[in-house]
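Student: Dropping the structure in here first, questions after.
Bear in mind that the values in this text are calculations on the coordinates, not laboratory data. Every value quoted in this text rests on a predicted model; they were computed, and no experiment measured them. FYI the Cβ positions are ideal-geometry reconstructions off the backbone, even for glycines, and counts take in every protein chain you see.
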């Protein structure tokens, strides 16, 4: 084991990060020259380590995407009997359409405030109960009521549930028949600043191919800033803060705002093929059972509309995760005996576009999900140095916590739950695509209790990085600023967890009360019948 642990080195790790986040790789955009360079690099590196192609005789799994490049109205036009306003695109308003049509528009669509836009029977919460929003545009708040009140008995308290994610709000608005849906952005409950929305939703957008060409989605899915929301509600003769408070009341009823919205999008639609990358280190006794390590290889590519630096290099997000895949693969090849279960290294595409690559694998698995023991995801590693702790996002969800605990004890570290559960981290990266299919999925993050500088310093550094670099061209490798000693310790921890799982005979499951357990139990029961 010592040779395996010692094979994970900072020198090799940084070499991979430097290469993958270089300008030569053009921001690793899906279906681009940057993708081809990235996949070629992974193929060379994994093959050199002796790993086998993970999809028959190929390292690649085709992921059919639709690329939509859109031209927008310069503003969202709001009109009322007494007041009107135009919310400028990018500065106050962002929107896309997932419908595969050349032209999509809202035309004098009635605006409705639907609170948090949630229908949750298990929480007895029905924001759409008393209003018909078919053909209308709903305005909803980000996150969920538990965050706003911090009441542990309301939803999941401060910890975001899936009902708080923007993806859910768009899905539910579509189920309600809305023509458009607009989420009010606030940095705290969203977990990131407005610049992240603006950068993520600018330029070409990618979606998985859909048989109905996404016509079941709302025509327009958008965001407005907090300031713009204040102006919009004022135009309706209402106070935004008062309406936010009203949305928390048990007798809340959605309200027509007496305003109409107009906005148009013209699309240039192109089908393209991107790829997931799969490499396998075969097991021995139970080679048909798999431990999956995942990391997304993609970032935002090149955005020609940006001023100054136009390349989104994605050094931390997520060249670090891909480099970790390679280091863990190296460690498995240095073991004195191969593992009993097989190890699949899965670098997925289009995570930044809505977890598309992992979602595709989850619905088109190369290896049966009932034979997938666990998925371990790595995304945006520690760049600030060693920590006394290790974070499990979604701690308490599954029996995988026990493997984390055992591995952490070997490093004299302690395990803690997500210190920022309000950001909904469990629903924001590729492990979630496996969880949604019932596969126990581990979302681990670096700790926040810095060995030398403490927790307050670490949190400040993390917040500063999010504000200045997250989903921005400035996410570049900075050898003079980054301290990767903590990342190396985390990578060795992830390797240890996978190694324990690979030689175990147990099948970890979700814990009682977790929303994914019934699905896993049902799938495993079908196999044993």
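Student: Roughly what % antiparallel, to the nearest 5, for the DSSP beta bridges in region 73-269?
Tutor: In region 73-269, approximately 60 percent of DSSP beta bridges are antiparallel ones.
Student: Highest first, please rank the peptides 134-142, 402-410 by the mean number of other Cβ atoms sitting within 10 Å of their residues. All intermediate terms of the calculation are to be shown ahead of the outcome.
Tutor: On the way: 134-142: 22.8, 402-410: 16.8.
The peptides rank, most packed first, as 134-142, 402-410.
Student: Taking only DSSP H segments of four or more residues, each worth -39500 (n - 2.57), what value at 222 nm results for the chain once the sum is divided by all its residues, to the nearest 500 deg cm²/dmol?
Tutor: Numbers: 16 runs with 159 residues, N = 529.
Helix-only estimate at 222 nm: -9000 deg cm²/dmol.
Student: Based on DSSP, what percent of beta bridges with both residues in region 341-471 are antiparallel, to the nearest 5?
Tutor: Numbers: 6 of 13 bridges.
Around 45 percent antiparallel, to the nearest 5.
Student: Considering the values [x] 78, 50, 48; [y] 77, 53, 48; [z] 110, 55, 36, which represents Cα extents along the principal axes in Å as calculated for the structure under consideration?
Tutor: Matching entry in [x] 78, 50, 48; [y] 77, 53, 48; [z] 110, 55, 36: [y].
Student: May I pose another question? Using label points projected 7 Å from each Cα along Cα→Cβ, tell me how many nm separate residue 151 and residue 22, to one decimal.
Tutor: That separation, rounded to one decimal, is 5.7 nm.
Student: What's the FRET efficiency of residue 71 with residue 505 using the Cβ-Cβ distance as r and R₀ = 60 Å, to the nearest 0.05?
Tutor: Values: r = 57 Å, r/R0 = 0.95.
That pair, residue 71 with residue 505, gives E of 0.55.
Student: Report, in degrees rounded to the nearest 10, the 0 to 90 angle that the Cα long axis of helix 400-410 makes with the longest principal axis of the chain.
Tutor: Value to nearest ten degrees: 50.
Student: Label residue 11 and residue 485 with points 7 Å out from Cα along Cα→Cβ: what is the distance between them in nm?
Tutor: It is 1.8 nm.
Student: Moving on. What ratio of Cα Rg to 2.2 N^0.38 Å holds for region 227-318? Each step should come with its number before you reach the end.
Tutor: Values: Rg = 24.5 Å, N = 92, 2.2 N^0.38 = 12.3 Å.
Normalised Rg, Cα atoms only: 2.00.
Student: For region 237-262 and region 156-204, compute the distance between their C-alpha centroids and round to whole Å.
Tutor: 17 Å
Student: Relative to the first principal axis of the alpha-carbon coordinates of the chain, what is the inclination of helix 517-528, with its axis defined by its Cα atoms, in degrees from 0 to 90 and to the nearest 10?
Tutor: It is inclined by approximately 50 degrees.
Student: Can I ask one more? Suppose we keep just the DSSP beta bridges with both residues in the chain; what percent of those would be antiparallel, to 5? It would help to have the intermediate numbers written out before the result.
Tutor: On the way: 57 of 92 bridges.
About 60 percent, rounded to the nearest 5.
Student: Using the per-residue mean of other Cβ atoms lying within 10 Å as a proxy for protection, in what order, highest first, do the peptides 17-25, 511-519 fall? Write down the numbers at each step before the final one.
Tutor: Working: 17-25: 19.7, 511-519: 13.7.
With the highest mean Cβ count within 10 Å placed first, the list reads 17-25, 511-519.
Student: Can you grab the distance from the C-alpha centre of region 493-527 to the C-alpha centre of region 72-133, Å, no decimals?
Tutor: A separation of 40 Å, based on Cα centres.
Student: Helix 485-502 sits at what angle to the longest principal axis of the chain, using alpha carbons and giving 0 to 90 degrees rounded to 10?
Tutor: Relative to the chain, helix 485-502 is tipped by roughly 70 degrees.
Student: Modelled label-to-label distance, residue 285 and residue 122, 7 Å Cα→beta-carbon offset: nm?
Tutor: 3.6 nm
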